[in-house]
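Quick notes on the structure that follows.
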Ligand SMILES: [Zn+2]
């Protein structure tokens, strides 16, 4: 069954098939390793992971490349502020990213190139752009892309439709832009190579234009083409990358190769937390660790983050985590029941190789769920269809001979969504220290004795010590703040 996605380039749903008929070349903009990933970044990576799994289960191979941005304005600034060499600083955050990705059951990409390991390819690309008249070196030793030289600039973000025009005679929109990230819709020339500045410290490479470092946009052009060829099938990222990052990637690549860059573009929407935009000042820039410290497992986080359609903004709340936990519990119980009826053991049910052997078969009652995944990656509808099928099967299990088909159909959906239904149950919750448990016990006793003043005082004492007490019907839970 073909798999489709909404292609940002054409603004329409397109069938995503590999040009060579076998292996889909899939490039994703990876993390900037200067701090922990927040759940907004993680959501994009998770949806890319579900997409890759879906393509693989549809019978195709995927060559998944996701880069590491280990040199840019932010990594340099933060490593210098902590007086740690850049390489050492980014290595620590890369490890943290790998740990989070594994906890969330993401398949590792086949290639994970780091920008600092591909300086040579980036310099070559700049050289090509200068030779072709698309870039120029400034007196300071920086090199800029001449936006006015590339007639298709703006085709992805529809920059021109928004009535922002480039000045055909020279750098448009005023001065060339040095910053890696800029928000306004600017037709201004952007930096490919940044001449060394004092605030860069020892972060510096030699180049034909003098010492400096590559601009952020350049690395994705250089690395995607190095691993996937000049034209490849699919490029993904968060919607915030459409402009300028992806627009600039297209310009740099196509101006040099005169060939189409990515054939399709796949963008994931933003996320809000408790109805607000995530920001440092609001204190809602949650990481996986923050959520785990509140007692929620990584699979509940995965479930929430994939439970809205990738083109829809997701509102992340603590309530959605509670709902995800009970949904996972139900799925686990249903999976166990299906396995028992079909006589399939748990290891086989979750084994990728075994599932792949059955993946080409009709998914039985789960076929509608599968179709939702293949049709523009509709994860919420797939989950809805899976629950509907489980409900139907509970009422009417059908002939004994079809139990295996139903179980493998369900295993395929669970595999595509990347849900490890046993992980959270087995993951240890943070254990409260003994004095905290004693305080909580004393508060519970005070409540039962109807000594509410004492109960409140003990609750405040717990809060001061960094623990919240949550009353349940027949007891309480402790949650780290
Ligand atoms: Zn990128």
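The values are calculated or read from the model by the stated rules, or taken from the named source; none is laboratory data. These numbers were taken from a predicted model, which means no experiment stands behind them. Neighbour counts are summed over all protein chains in view; Cβ atoms, including those assigned to glycine, are modelled from backbone coordinates with ideal geometry.
Residue under question is residue 215, and the condition is that it be under 17 Å from residue 134 (Cα atoms), in the same structural domain as residue 52 (by TED's automatic domain parsing), touching a strand residue (DSSP E or B) at 6+ places or on another chain (Cβ under 6 Å) and at pLDDT 80 or above; does it hold?
yes
Consider residue 207 carefully, then state whether it is at pLDDT below 95, touching a helix residue (DSSP H, G or I) at 6+ places or on another chain (Cβ under 8 Å), assigned to a loop (DSSP other than H, G, I, E, B) and more than 16 Å from the ligand (Cβ to nearest atom).
no
If I filter the stretch 210-240 down to residues being surrounded by 20 or more Cβ atoms within 10 Å (Cβ to Cβ) and farther than 23 Å from residue 7 by Cα, which single residue comes out as nearest to the ligand (Cβ to nearest atom)?
Selected residue: 216.
Which pairs have Cβ atoms under 8 Å, sit 6 or more apart or on different chains, and link a residue in the stretch 58-71 that is within 22 Å of residue 16 (Cα to Cα) to one that is crowded, with 19+ Cβ neighbours inside 10 Å and modelled with pLDDT under 95?
Hits for this filter: 58/359; 59/359.
Which condition does residue 304 not pass, out of (1) surrounded by 23 or more Cβ atoms within 10 Å (Cβ to Cβ); (2) more than 12 Å from the ligand (Cβ to nearest atom); (3) touching a residue at least 40 places away in the same chain (Cβ under 8 Å), if it passes all the others?
In the conditions (1) surrounded by 23 or more Cβ atoms within 10 Å (Cβ to Cβ); (2) more than 12 Å from the ligand (Cβ to nearest atom); (3) touching a residue at least 40 places away in the same chain (Cβ under 8 Å), residue 304 misses (3) alone.
Suppose we filter the stretch 48-64 for residues that are within 16 Å of the ligand (Cβ to nearest atom) and either under 23 Å from residue 278 (Cα atoms) or surrounded by fewer than 23 Cβ atoms within 10 Å (Cβ to Cβ) (or both); how many remain?
1
Could you tell me which numbered condition residue 371 fails, if it satisfies all but one of (1) over 30 Å from residue 56 (Cβ atoms); (2) under 34 Å from the mean Cα position of the chain (by Cα); (3) surrounded by fewer than 19 Cβ atoms within 10 Å (Cβ to Cβ)?
Residue 371 satisfies every listed condition except (1).
What's the total number of residues in the stretch 115-147 that are in a helix (DSSP H, G or I) and touching a helix residue (DSSP H, G or I) at 6+ places or on another chain (Cβ under 8 Å)?
10
Across the stretch 364-398, what is the total count of residues that are in a loop (DSSP other than H, G, I, E, B) and at pLDDT below 95?
Qualifying residue count, the stretch 364-398: 3.
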